[in-house]
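One structure is given below, encoded as C-alpha cells.
The values are calculated or read from the model by the stated rules, or taken from the named source; none is laboratory data. Nothing here was measured: the structure is a model prediction, and the numbers come from that model. Here the Cβ positions follow ideal geometry from the backbone for every residue, glycine too, while neighbour counts run over all protein chains shown.
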Amino acid sequence: MWRLSAGCCGFLVAPVVALLLLDRPAVAQAKNFEDVRCKCICPPYRNISGHIYNQNVTQKDCNCLHVVEPMPVPGIDVEAYCLLCECKYEERSTNTIKVTIIIYLSMVGALLLYMLFLLLVDPLIRKRDPYIQQLHNEEEEMRPQPGGSQARGNTVLERVEGAQQRWKKQVQEQRKTVFDRHKLLS
C-alpha cells in the first residue's frame with residue numbers, strides 16, 4: 001500500500017514543482033525573447049533566393065526594415081524587396097504550454113499507475129479458495145441455464161470478461177460474414 005500512497009504524493013508534488021518553475025523571475029525576463037517574435041517571409045527576388053527571417057522586436061517594429069538583417073539587396077532595391085516580404089507579429093504563452101504539458105503528463109502518469117495497480121491487484125482478485133470454487137461449480141451445475149447463456153459473474157471483472165468474450169464472438173462472426181461469404185452486415 002505504501003507504493004500507492006507514494007504515487008499519490010507524486011501527483012501532489014508535480015503541480016507544486018510546476019508552479020515553482022512558472023513563477024521564476026527568469027521566465028518573466030525570458031518572455032520578451034521567447035513569447036513574441038516578428039516573422040518575415042521574403043520570396044525570391046532577382047538572383048536572391050527566398051528566406052525566412054525571425055527577430056524579437058516590438059509589434060510596431062514588425063516590418064521588413066527592422067527584421068531583415070543583413071539586407072540582401074543594395075540600397076536602391078530595399079523598398080521593392082520589402083514590399084514583397086510578408087511580416088507577421090506572433091505571440092504565444094509559454095506558461096500555458098508548460099501547464100498543458102504538465103497536466104497531460106500527470107494524466108498519463110495517473111493512467112500508468114492505475115494500469116500498474118490493476119496488474120498487481122488482478123491476481124489477488126482472481127485467486128479463490130478451492131473449497132469456495134468447488135461450491136460455485138456445484139451451484140452452476142444445478143442451476144438450469146436458459147438458452148445456453150453463461151451464468152452471470154459475481155465480480156465486475158468476470159462481467160467485463162463475459163462482455164469481452166461476447167464481443168470477440170461477434171467480431172469473429174462479422175469477419176466470417178464479410179470475408180468468407182462476401183456480404184456486408186446491415
Problem set entry | Extreme residue, nearest to Ile52 (Cα to Cα), among residues of the stretch 97-120 that are surrounded by fewer than 11 Cβ atoms within 10 Å (Cβ to Cβ) and modelled with pLDDT under 95 | Met115
Seminar exercise, completed: Counting only helices (runs of 4 or more DSSP H) entirely within the stretch 42-132, those with at least 2 residues that are in contact with a Leu (Cβ under 8 Å, 6 or more places away or on another chain) and touching a residue at least 24 places away in the same chain (Cβ under 8 Å) are 94-126
For this session: Hey, can you tell me all the residues within the stretch 84-96 that are surrounded by 10 or more Cβ atoms within 10 Å (Cβ to Cβ) and either more than 42 Å from the chain's Cα centre (by Cα) or under 15 Å from Lys39 (Cα atoms) (or both)?
Result: Leu84, Cys85, Glu86, Cys87, Lys88, Tyr89, Glu90, Arg92
